[in-house]
1. Per residue and in cubic angstrom, what volume does the convex hull of the Cα atoms of the range 183-296 have?
2. What number, in percent, do you get for the relative contact order of the chain if the mean sequence gap of Cα pairs under 8 Å and at least 6 apart is divided by its residue count?
3. Which value results when the Cα radius of gyration for the range 272-339 is divided by 2.2 N^0.38 Å?
4. Roughly how tilted is helix 388-398, in degrees to the nearest 10 and between 0 and 90, from the longest Cα axis of the chain?
5. Give me the number: length gained by fully extending residue 345 to residue 386, i.e. 0.36 nm times residue separation minus the C-alpha to C-alpha distance, one decimal in nm.
6. Between residue 357 and residue 86, what length comes free when the chain is fully extended (0.36 nm per residue of separation minus the Cα-Cα distance, one decimal in nm)?
7. Could I have the simple spin-label model distance between residue 253 and residue 368, label points 7 Å from Cα toward Cβ, reported in nm to one decimal?
8. I need 172, 117 ordered by Cβ neighbour count within 10 Å, fewest first.
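FYI, it's all coordinate maths here, none of it is from the lab. For clarity, every value in this text was computed on a predicted model and none was experimentally measured. Because the Cβ atoms are built from the backbone with ideal geometry, glycine has one as well, and the counts that use them run over all protein chains shown.
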Ligand SMILES: Cc1cc2nc3c(=O)[nH]c(=O)nc-3n(C[C@H](O)[C@H](O)[C@H](O)COP(=O)(O)OP(=O)(O)OC[C@H]3O[C@@H](n4cnc5c(N)ncnc54)[C@H](O)[C@@H]3O)c2cc1C
């Protein structure tokens, strides 16, 4: 570990901790969270090296997006502290049309604007800024020996390698991890309309630019929504969550390219959600991107945030490495942005030791304020039995009362209130706060 004086003179700042040179930080993994951390910490005055097993070109063009990574409302403000919004209205939407079991349909007008941008584009834009502003990008796959040596040369090494690989350096926190198995089998594909226009779903909603959430209690859920693809621009994403043992899970597992994924979604809509099947039939794959689809499953896992290498180097988990959630409530990338923005602010101000105690304290604050609520909101959207009454209560009200639909979808943006929702009366009280705010149907 690099040693630093603990006293500060007049020209000393937390970023240099009493030395002339800025304090060195390593970030391993250049997905959206690693790229964001590298940029934010460079801007906070540190000497940052970003290690990536892939070149920039490979990260952008030769892998699928890790996930859809929609930022719902509140997280956009945290994200803007890392870098201002550059994607605007092309990627924005503010309502979902929901159907449950082919039954009553309702519009859920959000009281925020969600933004859905190809995570490969966002990460690449941040890497470009990081390099322009003097950051270093090291192309190499970091193994255990290399991690030991990197951690020895930096005051802290942030591990942002996603759900696999180096994540195993951090023990699983079984008390905080909500499940030990994946809860859904996932399939997603990004698609376009013939002329790049919006898709309207007259069978479901009169809104001009609405996402869809279609739920079949036996089969799973499908989200369809606007998306800004890195090459094709304004496009749409289909994102399916199949319950294990369902016919849809079997179908999803058979996807082998973007075209087969789209065919599977078409068939699923004809079978379960025929009101919007004609619009899904009219979508096309994006020919220029053979990586525009993804299948698999996420084991929701929360890890201990701090570890040491064999030689004692300090490792800190961020992004999916720290908290991996089922994507059904769209919390993963949001949590990553919130964690990175807070970490950069804290290290900018921190004058004490950088040690396990500091990074555990910072993570615990992130967990209490954001991680735990996100994990619980995800359980609610998964229909976990402990939220059965709450879910029934939201859906029971939503068809008649748009404030209930707004309140439900607000949990994607600000999940904190979920911690107080245990039954019908809690939902009633929560929905009332939206009625008082004057939420109105936008349809
Ligand atoms: C289908 C799906 C939909 C989703 N939808 C949403 C949503 O709507 N909203 C939301 O907020 N979140 C969503 N998520 C979650 C979100 O996509 C992730 O939380 C986020 O992209 C994780 O970013 P990350 O940088 O932590 O990890 P990753 O994107 O996995 O990046 C890790 C990087 O580390 C690199 N790496 C790995 N090992 C090494 C090594 N040894 N050496 C060097 N480099 C290494 C990898 O190549 C990769 O580039 C979704 C996820 C899925 C699967």
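1. So the per-residue Cα hull volume is 92 Å³.
2. So the answer I get is 21 percent.
3. The value comes to 1.73.
4. For helix 388-398, the angle is close to 60 degrees.
5. 11.2 nm
6. Full extension of this stretch gives 93.9 nm more.
7. 4.4 nm
8. So the ranking, lowest neighbour count to highest, is 172, 117.
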